Amino acid sequence: MCAGKSKSKALTAKGMTAHGQRITRGLVAGSELRCTDNTGARVLRLIQAMGYKGRLRRYPSATIGDKITVSVRQGSPDMRKKIFQAVIVRQRRPYRRVDGVWVQFEDNAAVIITPEGEMKGSEIRGPVAREAAERWPRIASASNMIV
């Protein structure tokens, strides 16, 4: 029982809280996302979902609020072809909230973060899903619209 408490404490120390509900996984490895912060990257490609266990021959998948590894496909020359960690803030695939509302965004988007959980940029353009804002307080404080 004590091991569960220490694990949740370690997660919150990195700047995130545990996942609340199960959300439909809408992004698989290889998906392209829009970078919605002001770091200089424009298009990201999902390489790996952090903490994803999976099954033989199943593509790793991620959803809103998940920490992922991305490579920068388009953007400023100093950002291109580099690998970063990011958090998904919007997904195109519809998912259902606990109150029965179905939510769907018009694009897939992510925010680049440091390995410690701090945001690399200083602002976020566009809406951020409530699930991502609840799980990542630093992203919630930088966003101007939470849906």
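Points to keep in mind about this one:
- Just one of the listed residues (Arg138, Arg125, Arg130, Arg97) is in contact with a Ser or Thr (Cβ under 6 Å, 6 or more places away or on another chain) and among the basic types (Lys, Arg), and it is Arg125.
Quick grid of which residues meet (1) in a strand (DSSP E or B); (2) under 19 Å from Ile68 (Cβ atoms):
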site: Gly100; (1), (2): no, no
site: Phe105; (1), (2): no, yes
site: Ile112; (1), (2): yes, yes
site: Gly117; (1), (2): no, yes
site: Gly126; (1), (2): no, yes
site: Glu131; (1), (2): no, yes
site: Glu134; (1), (2): no, yes
site: Ala140; (1), (2): no, yes
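- Consider the range 94-115 and keep the residues that are of a type outside the set (A, V, I, L, M, F, W, C) and within 14 Å of the chain's Cα centre (by Cα). The one that is surrounded by the most Cβ atoms within 10 Å (Cβ to Cβ) is Asn108.
- So Val28, is it surrounded by 19 or more Cβ atoms within 10 Å (Cβ to Cβ), modelled with pLDDT of 95 or more, in contact with a Pro (Cβ under 9 Å, 6 or more places away or on another chain) and of a type outside the set (Lys, Arg): no
- Options Gln91, Gln74, Gln104: the member that is in contact with a Pro (Cβ under 7 Å, 6 or more places away or on another chain) and at pLDDT 95 or above: Gln104
- Members of the range 18-45 that are within 18 Å of Ile112 (Cα to Cα) and touching a residue at least 40 places away in the same chain (Cβ under 8 Å): Leu27, Ser31, Glu32, Leu33, Arg34, Cys35, Thr36, Asp37, Asn38, Thr39, Ala41, Leu44
- Qualifying residue in the range 53-61 (condition: surrounded by fewer than 15 Cβ atoms within 10 Å (Cβ to Cβ), of a type in the set (A, V, I, L, M, F, W, C) and in contact (Cβ under 8 Å) with a residue 12 or more places away in the chain): no
- Matching option when the condition is among the β-branched types (Val, Ile, Thr), buried (at least 21 other Cβ atoms within 10 Å of the Cβ), over 16 Å from Arg22 (Cα atoms) and touching a Gly at 6+ places or on another chain (Cβ under 9 Å), among Val43, Val128, Val72, Val89: Val72
The values are calculated or read from the model by the stated rules, or taken from the named source; none is laboratory data. Computed from a predicted model, the values in this text were never measured in an experiment. Cβ sites come from the backbone with ideal geometry, for glycine too, and all protein chains shown count toward neighbours.
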